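Here's the structure we're looking at; comments come further down.
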Amino acid sequence: MRPTRTHWAAITAVVLALLFAGAATVASAGGGEDARSRPPIPTATSADAGFARDMAVHHQQAVEMSFIVRDRTQDDEVRRLAYDIANTQANQRGMMLGWLDLWGLPKVSADSEPMAWTQNDEHGAHSGHSGGHQAKDGSLMPGMATNADLARLGKASGKQAEIEYLQLMISHHNGGITMAEGCVKLCTVDTERSLAQGMVDAQRSEVDLMVDLLRKRGAEART
């Protein structure tokens, strides 16, 4: 079933609820309860912090691509999808950056490459191997578009812009799903893991929708 605007409004409400829950959890750590019962604050090298930093960057590109296609097509269906993705991922990005602020951690790590947090074991210790996904032409993490991809999208219009956007966003979502699944496995903050699982579920649904939209335009997702 195709997601409706009411469906996305509900997702946004859940996202905001998770944000407030996360803020309340961290704020309670400063209260008078026994220190032994307080959840530990994530460290700068933890999966929790690494996922928040990397996914904030990943989401920012999705927002950017969505704004580009909004101005390159008049198709209501694609523009509505782009708006929903931009709105949802901007909200989630704000949440993750807010957590980093609450934890007193930098939003950009100068000590590790993107995706290094995926090399942490189940106890949060780093394996010693680089998890960096720095690729050619600006693609930093799984599924991210390259500089050339963004330039091509920015030059396209109409049906071609729609196809470019849908193909790029399917890859982007699939990469984001992989990252979110990593957080579900490695992150220790319950609200963050809940958000990551929500990303997995929502983005899989959007991928199905985008594959259908591509077929209507005589195109397929890139392998």
Collect the residues in region 192-221 that are open to solvent by 20 Å² or more (accessible area, probe 1.4 Å) and more than 19 Å from His58 (Cα to Cα), keeping them in residue-number order. Asp208, Leu209, Val211, Asp212, Arg215, Lys216, Arg217, Gly218, Glu220, Ala221
For region 132-190, what are the residues that are farther than 24 Å from Glu220 by Cα and at pLDDT 95 or above? Ala180, Glu181, Gly182, Cys183, Val184, Lys185, Leu186, Cys187, Thr188, Val189, Asp190
Residue ID - farthest from Gln92 (Cα to Cα), chosen from residues in region 183-210 that are in contact with an Asp or Glu (Cβ under 8 Å, 6 or more places away or on another chain) and among the aliphatic types (A, V, I, L, M): Leu186
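Yes/no matrix, rows are residues, columns are (1) basic (Lys, Arg); (2) more than 25 Å from Ala52 (Cα to Cα):
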residue	(1), (2)
Lys185	yes, no
Glu192	no, no
Leu195	no, no
Gln203	no, no
Ala221	no, yes
Conditions: (1) at pLDDT 90 or above; (2) in contact with a Leu (Cβ under 6 Å, 6 or more places away or on another chain); (3) surrounded by 14 or more Cβ atoms within 10 Å (Cβ to Cβ); (4) more than 18 Å from Ser66 (Cα to Cα). Lys107 meets all but one. Number of the miss? (3)
Qualifying position, being open to solvent by 10 Å² or more (accessible area, probe 1.4 Å), β-branched (Val, Ile, Thr) and either at pLDDT 95 or above or within 17 Å of Ile170 (Cβ to Cβ) (or both), among Val78, Val69, Val26, Val63: Val63
Restricting to region 43-97, and then to whatever is β-branched (Val, Ile, Thr) and touching an Asp or Glu at 6+ places or on another chain (Cβ under 8 Å), can you tell me which residue is farthest from Glu181 (Cα to Cα)? Thr73
The condition from (1) at pLDDT below 95; (2) touching a helix residue (DSSP H, G or I) at 6+ places or on another chain (Cβ under 9 Å) that Leu100 misses is numbered (1)
Quick check on Lys159: is it free of Cβ contacts under 8 Å to residues at least 12 places away in the same chain and over 12 Å from the mean Cα position of the chain (by Cα)? no
Matching residues in region 180-217 - criterion: being among the β-branched types (Val, Ile, Thr) and under 23 Å from Pro40 (Cβ atoms): Val184, Thr188, Val189, Thr191
Taking Ala145 as the residue in question, decide whether it is under 12 Å from the mean Cα position of the chain (by Cα) and either under 19 Å from Ile85 (Cα atoms) or not in a helix (DSSP H, G or I) (or both). no
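The values are calculated or read from the model by the stated rules, or taken from the named source; none is laboratory data. Just so we're clear, the structure is a prediction, and the values are computed from it rather than from any experiment. Ideal geometry is used to build each Cβ from the backbone, glycine not excepted, and the neighbour counts take in all protein chains shown. For the accessible areas, the whole protein counts, side chains as well, though only heavy atoms, and no ligand, DNA or RNA atoms are used. Shrake-Rupley method; radii C 1.70, N 1.55, O 1.52, S 1.80 Å.
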